[in-house]
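Beneath this line is the structure, given in structure tokens, with notes to follow.
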Amino acid sequence: MFAWISENLGTIIICAVLVAVVAAIIAYMIRNNKKGKSSCGCGCAGCPMSGSCHQKK
């Protein structure tokens, strides 16, 4: 078991870093969505999904 870990340590570290980066991006997008910011960067006038991402309270 330890031999396998030591042989693949570089791959394990790179995968862990990539998972952390993806998790940070997802958390950032969720935080912005809760604040009401759009992720697409354009106006909602012509967007067919505007009713689902900006629900009226």
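Some notes on this structure:
- Meets criteria (under 21 Å from the mean Cα position of the chain (by Cα), at pLDDT below 75, loosely packed, with under 10 Cβ neighbours inside 10 Å and in a loop (DSSP other than H, G, I, E, B)) for residue 41: yes
- Of all residues in region 11-38 being under 20 Å from residue 49 (Cα atoms) and open to solvent by less than 70 Å² (accessible area, probe 1.4 Å), the one that is nearest to the chain's Cα centre (by Cα): 32
The values are calculated or read from the model by the stated rules, or taken from the named source; none is laboratory data. If you're wondering where the values come from, they're calculated on a predicted model, not measured in any experiment. Every residue, glycine as well, gets a Cβ built from its backbone with ideal geometry; the counts of neighbours run over all protein chains shown. Please note that ligands, DNA and RNA were not included when accessible areas were found on the heavy atoms of the full protein model with its side chains. Shrake-Rupley method; radii C 1.70, N 1.55, O 1.52, S 1.80 Å.
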